[in-house]
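Just below is one structure, and these are the notes that go with it.
The values are calculated or read from the model by the stated rules, or taken from the named source; none is laboratory data. Note that the structure is a prediction, hence the values are computed from the model and not measured. As a convention, Cβ positions derive from the backbone with ideal geometry for all residues, glycine included, and neighbour counts pool all protein chains shown. Note: accessible area is taken over every heavy atom of the protein model, side chains too, but ligands, DNA and RNA are not part of it. Shrake-Rupley method; radii C 1.70, N 1.55, O 1.52, S 1.80 Å.
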Amino acid sequence: MAGEIPPFQLLDIYKGGFFMSEVLENIKSRRSVKKYKPDMVPREIIEQIVEAGTYAPTGMNKQSPIILAVTKKEIRDQLSGLNAKILGMDGDPFYGAPVVLVVLAKKESNTRVYDGSLVMENLMLAAHNLGIGSCWIHRAKEEFELPEGKELLRSLGIEGEYEGIGHCILGYADGEIKKAAPRKENWVYFVE
Ligand SMILES: Cc1cc2nc3c(=O)[nH]c(=O)nc-3n(C[C@H](O)[C@H](O)[C@H](O)COP(=O)(O)O)c2cc1C
């Protein structure tokens with residue numbers, strides 16, 4: 001079958017003389033969005049994004065993380081306030097994004113930070129693929145060590161000890177999305 005395109009390549013898009021897979025293109029074009037329109041993201045899009053999060057690999061497949069998909073303005077604003085306080089700033093560390101996906105992971109898992117971080121990347125890539133802007137916002141660990149953070153988990157009926165890993169904020173980008181900064185030299189060492 002010389003010369004025939006293998007079936008998997010039929011899914012690829014043709015880019016400037018190369019076949020570049022949509023997955024690779026999605027990874028390379030994702031950027032952290034730091035200004036959002038106030039418009040809410042439809043529930044069915046959020047569902048697709050969080051589902052992608054649940055398919056992240058986890059140590060021993062224990063699936064230690066959980067995701068809080070926060071669209072309720074009162075809670076979104078409460079988290080923003082706590083985050084700002086931890087950071088010691090005024091203003092909204094969530095850049096006006098209407099949706100906050102909080103990733104936490106079971107404290108008993110020794111791979112919790114790795115598991116949760118992979119969930120975060122899946123969320124950000126899925127969002128980008130669906131035309132939704134995102135950004136990792138830090139300080140979830142400190143937030144869920146506070147009584148207010150613990151109370152939120154309790155109010156949702158979440159039992160057990162969880163560590164905050166990150167917030168993946170979501171929304172429609174307000175403005176142009178910049179290209180990635182040039183990659184530093186010596187990122188990769190081939191050992192062949
Ligand atoms: C662990 C981690 C924590 C981050 N925390 C924040 C944050 O608190 N606030 C923020 O504006 N961006 C945060 N970012 C986003 C980075 O600023 C962003 O990823 C980086 O500038 C590279 O830009 P890019 O994502 O567009 O490639 C965080 C990213 C990571 C991976």
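Mind telling me which of the residues GLU142, GLU161, GLU176, GLU151 ends up being over 11 Å from the mean Cα position of the chain (by Cα), of a type outside the set (Gly, Ala, Ser) and modelled with pLDDT under 95? Only one candidate qualifies: GLU176. Counting residues in segment 35-50 that are within 16 Å of the ligand (Cβ to nearest atom) and over 22 Å from GLY175 (Cα atoms) gives zero. For GLY116, state whether it is touching a residue at least 60 places away in the same chain (Cβ under 8 Å), open to solvent by less than 10 Å² (accessible area, probe 1.4 Å) and not charged (D, E, K, R). Criteria not met by GLY116.
When TRP136 is tested against (1) within 12 Å of the ligand (Cβ to nearest atom); (2) in a helix (DSSP H, G or I), exactly one condition is not met: (2). For first residues located in segment 136-149 and more than 14 Å from GLY166 (Cβ to Cβ), partners that are surrounded by 15 or more Cβ atoms within 10 Å (Cβ to Cβ) and of a type in the set (Val, Ile, Thr) and lie 6+ apart or on another chain with Cβ distances below 9 Å form the pairs LEU146/ILE86. Of the candidates ASN129, ASN122, the single residue that is out of contact with any Asp or Glu (no Cβ under 7 Å at 6 or more places or on another chain), in contact (Cβ under 8 Å) with a residue 12 or more places away in the chain and within 14 Å of the ligand (Cβ to nearest atom) is ASN122.
Give the residue, chosen from LEU87, LEU68, that is of a type in the set (A, V, I, L, M, F, W, C), free of Cβ contacts under 8 Å to residues at least 60 places away in the same chain and within 24 Å of LYS37 (Cβ to Cβ).
Result of the check over LEU87, LEU68: LEU87.
LYS72 satisfies every condition listed in (1) more than 18 Å from the chain's Cα centre (by Cα); (2) at pLDDT 95 or above; (3) within 26 Å of ALA181 (Cβ to Cβ) except (3).
Taken over segment 129-163, the criterion of being open to solvent by less than 40 Å² (accessible area, probe 1.4 Å), farther than 21 Å from ASP92 by Cα and in contact with a Lys or Arg (Cβ under 9 Å, 6 or more places away or on another chain) is satisfied by TYR162, GLU163.
Take the conditions (1) within 12 Å of the ligand (Cβ to nearest atom); (2) without any contact (Cβ under 8 Å) to a residue 60 or more places away in the chain; (3) surrounded by 15 or more Cβ atoms within 10 Å (Cβ to Cβ); LYS106 misses just one of them, which is (1). Scanning segment 164-192 for residues that are open to solvent by 30 Å² or more (accessible area, probe 1.4 Å), within 22 Å of SER117 (Cα to Cα), within 14 Å of the ligand (Cβ to nearest atom) and of a type in the set (Val, Ile, Thr) gives no hits.
Among the candidates VAL119, VAL100, VAL50, single out the residue that is assigned to a strand (DSSP E or B) and closer than 26 Å to SER29 by Cα.
Details: VAL119 fails: assigned to a strand (DSSP E or B); VAL50 fails: assigned to a strand (DSSP E or B).
Unique residue meeting the criteria: VAL100.
Would you call ILE66 at pLDDT 95 or above, of a type in the set (A, V, I, L, M, F, W, C) and either closer than 18 Å to HIS128 by Cα or more than 15 Å from the chain's Cα centre (by Cα) (or both)? Spelling it out, it is not the case that ILE66 is at pLDDT 95 or above, of a type in the set (A, V, I, L, M, F, W, C) and either closer than 18 Å to HIS128 by Cα or more than 15 Å from the chain's Cα centre (by Cα) (or both).
Checking each residue in segment 25-55 for being open to solvent by less than 30 Å² (accessible area, probe 1.4 Å), farther than 11 Å from VAL99 by Cα and either more than 11 Å from the chain's Cα centre (by Cα) or modelled with pLDDT under 95 (or both) picks out ASN26, VAL33.
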